[in-house]
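Everything on this sheet refers to the single structure shown next.
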């Protein structure tokens, strides 16, 4: 049984809920997906981060496969709504890009700046029960260049749906 909900996101804990505005103008709560879909949370390091943009674009290309595996993707950017809209347009996002201008959700998921300089980024998979099943945090965004396929394989293993 998972640990009770906390602000500390770790494998086996409940993912802290949040409420953010999507680039479409719709309010999104993580808990909206509970008992319905697995969710990938991808926290963008910075708007200008090439590796993060490549990863988010690849997630978009694989979006139908993630959907087949009963998974939603939520990309979170530590910027205002207008920047989230520009980012969604830039990557041609078929999924919500959520604005977190004060980086409150980043802080909740322990993604503070490293040495007050380098923004931490993460990919997190939350299962249908709201439990963190996969977690990769980093300050070195080049890990995202092959992350998309790894996430897809992991999500398929959760749903036991063959690729």
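For Cα pairs less than 8 Å apart in space and 6+ apart in sequence, what is the mean separation divided by the residue count of the stretch 36-139, i.e. the relative contact order in percent?
The normalised contact order for the stretch 36-139 reaches 31 percent.
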**Q.** Label-to-label distance, nm, for residues given as residue 86 and residue 36 (7 Å Cα→Cβ offset)
**A.** 3.1
Q.
Using the basic label-point model (7 angstrom from Cα toward the beta carbon), what is the residue 157 to residue 68 distance in nanometres?
A. 2.0
Q: Averaged over every viewing direction, what's the projected area of the C-alpha convex hull for the stretch 36-139? Give it in nm², one decimal, please.
A: 6.3
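Each reported figure results from applying straightforward, stated rules to the coordinates on display, with no laboratory input. This structure is a prediction, so every number in the text was calculated from the model and none was measured. Please note: Cβ atoms are built from the backbone with ideal geometry, for glycine as well, and neighbour counts cover all protein chains shown.
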